[in-house]
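**Student:** Right, I'll just put the structure down here and ask away after.
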Amino acid sequence: MGNIQRIIDDLVDANHILANEDVVDAYGHVSVRHPEKPDRFLLSRSRSPELVEAKDILEFDMNGEPVAPGPTPYLERFIHAGIYAARPEINAVIHSHADVVLPFTITDMPLRPVIHVSSDMGAVAPVWDISDKFGDTNLLVVNMEQGRDLAQCLANNNTVLMRGHGFSVAGRSLVETVKIAVYLPRNARILLEALRLGQVKYLTEGEINIRREVKPDAPQMTRAWDYWKARADASSHSHATSGNKK
């Protein structure tokens, strides 16, 4: 149980980090594959990421259904189930609605990496349009058929954009996946600024492949995690202190 508790604690931290770094707000979610049951994954109940606690973490099967009865789960848990089922090497998934990424989901301008810290997103970020197969919907991924279709669009990439909705990222570890999600909006913001100035020079496939050789548990990965966690903890403490003064 010790390993499971550590994974749950890390998942709670990931929720807080993503909220503090403005990757998610009231909506969005992060999951991790169960370390002992590869056909299961862990994801919070339906709750805003900044507020997630260990007791909120639920276990799900590869059909996106809770293993045991409990509180209301996220509607879009099928994003996670679809990706895990299709990609056995993936150990974490994040879904976000970050505003700055949205222009790339509704135009022909591709989102490609231009800064070295965003190379983990991969050379290609395909755009999944739910209407291509499912017609008019609320644009949410609410069943396994849609989740599998999204995973098929993701293919072997790390990032998939969702038309008029947001993005989902997948990685080899929770730390790597959080890193992709944190830097993807920053890359989008820098690219949008650069496009105003003129011709853009993107990272080459060779540059991306070289940086892909970094192990998900490398010191630079854990250093970033420790930094983001400290920022999230400090922000939480500041909010609590401010609340006590009221």
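What follows draws every value from the coordinates through simple rules; no lab data is involved. Worth saying up front: this structure is predicted, and the values here are computed from it rather than measured. Quick reminder, even Gly has a Cβ in these numbers, built from the backbone with ideal geometry, and neighbours come from all protein chains shown.
**Student:** Below 8 Å between Cα atoms, with a sequence gap of 6+, how large is the relative contact order for segment 2-223 in percent?
**Tutor:** Contact order relative to length: 21 percent.
**Student:** Further question on the same structure: Report, in debye and to the nearest 20, how large the dipole of segment 2-223 comes out about its Cα centre when Lys and Arg carry +1 and Asp and Glu carry -1 on their Cβ.
**Tutor:** For this selection, approximately 420 debye.
**Student:** Could you tell me the center-to-center distance, by alpha carbons, between segment 62-114 and segment 23-49 in angstrom?
**Tutor:** The distance from the Cα centre of segment 62-114 to that of segment 23-49 comes to 10 Å.
**Student:** Please give the calculated 222 nm ellipticity per residue for the chain, where each DSSP H segment of at least 4 residues contributes -39500 (n - 2.57) and the sum is spread over every residue; nearest 500 deg cm²/dmol?
**Tutor:** Numbers: 7 runs with 103 residues, N = 246.
The per-residue figure over the chain is -13500 deg cm²/dmol.
**Student:** So what J values fall out for segment 63-77 if you push phi through Karplus, 6.51 cos²θ - 1.76 cosθ + 1.60 with θ = phi - 60°, rounded to Hz, Gly and Pro as x?
**Tutor:** Whole-Hz 3J(HN,Hα) from phi for segment 63-77: 9, x, 9, x, 5, 10, x, x, x, 4, x, 4, 4, 9, 4.
**Student:** Then there's this: Calculate how many DSSP beta bridges within the chain are antiparallel, expressed in % of all such bridges and rounded to the nearest 5.
**Tutor:** The answer is about 90 percent antiparallel.
**Student:** Still on this model: With a cut-off of 8 Å between alpha carbons and a minimum separation of six or more residues, what is the relative contact order of segment 1-61 in percent?
**Tutor:** 34 percent
**Student:** Residues with amide H under 5 Å of residue 44's amide H, sequence separation 5 or more or different chain, H placed in the peptide plane at 1.01 Å from N; which?
**Tutor:** 30, 58
**Student:** Counting other C-beta atoms within 10 Å, and keeping those with at most 12, which DSSP coil GluC sites (Glu not before Pro) do you find in segment 72-178?
**Tutor:** Sites meeting the loop and neighbour criteria: 89.
**Student:** Provide 27, 183 in ascending order of the number of other Cβ atoms located within 10 Å of each residue's Cβ, fewest first.
**Tutor:** Placing the least packed residue first, the sequence is 27, 183.
**Student:** In addition: Within segment 2-223, count lysine pairs with alpha carbon atoms under 30 angstrom apart where the residues are 8 or more positions apart or belong to different chains. Don't jump to the answer; show the numbers that get you there.
**Tutor:** Working: 37/55; 37/179; 37/215; 55/179; 179/201; 179/215; 201/215.
Total qualifying Lys-Lys pairs in segment 2-223 comes to 7.
**Student:** Using alpha carbon centroids, what distance separates segment 172-191 and segment 130-149, in Å?
**Tutor:** Cα centres, segment 172-191 to segment 130-149: 25 Å.
**Student:** For segment 96-246, what does the relative contact order come out to in percent, with C-alpha contacts under 8 Å and a separation of six or more?
**Tutor:** 30 percent
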